[in-house]
Amino acid sequence: MSDTELTSSPHSRLSLAILSILGLLLIAAFAALGTWQLKRLSWKLDLIARVEERVHAAPMPVPPPQRLAERQRRARRIPARRSPGPLPQR
C-alpha cells in the first residue's frame, strides 16, 4: 500500500476526522481547566488575605446577653414512639 492509498481510503479519513475532533475537544477542555484554575487561585488568594486580615484585627466585643441567649440551643423533650413489646437485648 502506498501513502496515497492510505489517505484516500474512507476508513482513514474517518479516523483522521475523529482524531481531529477529539484533539480539539481535549484542547478546549484543558483550556477550560486552566481558566478555572486561575479563577480558583484568585479566589483562594483573596480568601487567605481576608483570613490574615481578621487574624491580626483587634478583638471584637462580646455581644450583649440577649443576643447570646438567642444563639444558645435549648434542650427539648421529644416524645419517642416504639412498638409494644420487650426491649431488644444488647
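All of the numbers you see were taken from the coordinates with simple rules; none came from a lab. This one's a predicted model, so the numbers in the text were calculated from it and none came from an experiment. Glycine also receives a Cβ, built like all others from the backbone with ideal geometry; neighbour counts cover every protein chain displayed.
Efficiency by 1/(1 + (r/R0)^6): what FRET value for residue 89 and residue 66, r their Cβ-Cβ distance, R0 = 35 Å, to the nearest 0.05? Present the calculation step by step, with values, prior to reporting the outcome.
Numbers: r = 49 Å, r/R0 = 1.40.
Efficiency computed from Cβ-Cβ geometry: 0.10.
Segment residue 53..residue 36, full-extension length gain: 3.5 nm, with 0.36 nm per residue of separation and the alpha-carbon distance subtracted. Backbone geometry of segment 13-21 corresponds, through the Karplus equation with coefficients 6.51, -1.76 and 1.60 at θ = phi - 60°, to 3J(HN,Hα) couplings of 5, 5, 4, 5, 5, 5, 5, 5, 5 Hz, x marking Gly and Pro. Using the Cβ-Cβ distance between residue 46 and residue 18 with R0 set to 35 Å, the FRET efficiency works out to roughly 0.25.
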